[in-house]
Amino acid sequence: MGLDRIGTFRCKPLEWGIDGKKKKGTDYTLPWFNVRVFLTEFYDPKEGEWFDYTGQEAEITAFLCLYGAIKAKGGDIGPTLSMDQVKKVFNWDGRSLVQLANGKYDEFGFQVRIGENTYEAATYPYQVNWIDAYDAEPGQQLRKLDAAELKDLDKQFAALGAKNATPKPIATAAKAPVKAHPARVPADDGRPDTPAEKKAKLAAKSAKNLKAAAKAKKDATSPPATKTMSTTPPPKPSSKDAVVPPAKPEVTACTMGEAWNEIVQLHDPTIDDGTIAEVWHSSIAEIAGPDATSETITSEQWYQVKELTLQSVGKF
């Protein structure tokens, strides 16, 4: 018996406490809130229902780092995503670690999202990647930030956003709108092409190249216009002459700024900014763990965060 799968579970706390781990290369210790839990229910995403899991007699410990180095703030120590969830789940205001450690949580119920433990030296195949309230929407839940949370998030990413912002176009006099012909490709409006638009432009360019190649072939068989014109016919066009864009190498890594910029460009405009930010944070926790910081996340993980976020908020 015991835990036999990954997924979203409901649980009851059995034991909890504050632990301290010294940050490598520093002289200070970071606090962790560790909670050993008993798994009571399992959420089946196919059925969309919770099922009793007590028969497995499964336990697991959630290791929740409360503070970490924030790269966006020059490496200054700040609260992690895990701390936000601990405050939410355990009704803690974040002020006193003693208060958190001495709290009475025997009757508390909450959710844990369990994934595979990918650490090479791991002795247990599973780990807790995220915690949430008992009645939270299981899986990739979307929570809209309130005004204060959104303001704090905007402030946190202000410097990074300014560094990676797209320059504003020079203002010009407004012109009367022109009704596009159904067969006409609209003029560039400054936004990135969607995959469908890229495909259409590529097809139009290929057709233009083929037309040019056919004209060159026709001209090659026509007599010279004057005696001074070169009598050497142009080379016969072949399939090699067709302009074919080189295949782009598969990209599987990016920076945090590149990931965020692509999400901004490709998100569904009907989804509000608060929801996008929540999915972004949820994806970070899913890929890199709830105690991850911008300093510890790799370029490959930022790419995975971007892809996972776009699965929920992308416009196609």
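The values are calculated or read from the model by the stated rules, or taken from the named source; none is laboratory data. Worth saying up front: this structure is predicted, and the values here are computed from it rather than measured. Because the Cβ atoms are built from the backbone with ideal geometry, glycine has one as well, and the counts that use them run over all protein chains shown.
Just a few scattered comments:
- Across region 10-20, a minimum of one residue is classified as touching an Asp or Glu at 6+ places or on another chain (Cβ under 6 Å) and surrounded by 13 or more Cβ atoms within 10 Å (Cβ to Cβ).
- Test: residue in region 37-49 that is of a type in the set (K, R) and not in a strand (DSSP E or B): yes
- Among the residues making up region 290-316, those that are crowded, with 19+ Cβ neighbours inside 10 Å and either outside the structural domain of V264 (by TED's automatic domain parsing) or in contact with a strand residue (DSSP E or B) (Cβ under 6 Å, 6 or more places away or on another chain) (or both) are P290, D291, T293, V313.
- Wholly enclosed helices (runs of 4 or more DSSP H) of region 61-178 bearing at least 1 residues at pLDDT 75 or above and either loosely packed, with under 10 Cβ neighbours inside 10 Å or at positive phi (or both): 97-101
- Enumeration of residues in region 1-50 that are of a type in the set (D, E, K, R) and under 20 Å from A136 (Cβ atoms): R5, R10, K12, E41, D44, K46, E47, E49
- Residue count, region 21-39 (criterion: within 14 Å of I77 (Cβ to Cβ) and crowded, with 16+ Cβ neighbours inside 10 Å): 3
- With respect to the conditions (1) more than 20 Å from D152 (Cβ to Cβ); (2) in contact with a helix residue (DSSP H, G or I) (Cβ under 7 Å, 6 or more places away or on another chain), C65 falls short on a single one, namely (1).
- For I18, the test of being in a strand (DSSP E or B) and under 15 Å from V128 (Cα atoms) is failed.
- Any hit, region 92-106, residues being touching a residue at least 40 places away in the same chain (Cβ under 8 Å) and under 28 Å from the mean Cα position of the chain (by Cα): no
- In region 1-39, the residues that are among the small types (G, A, S) and closer than 15 Å to Q127 by Cα: G2, G7
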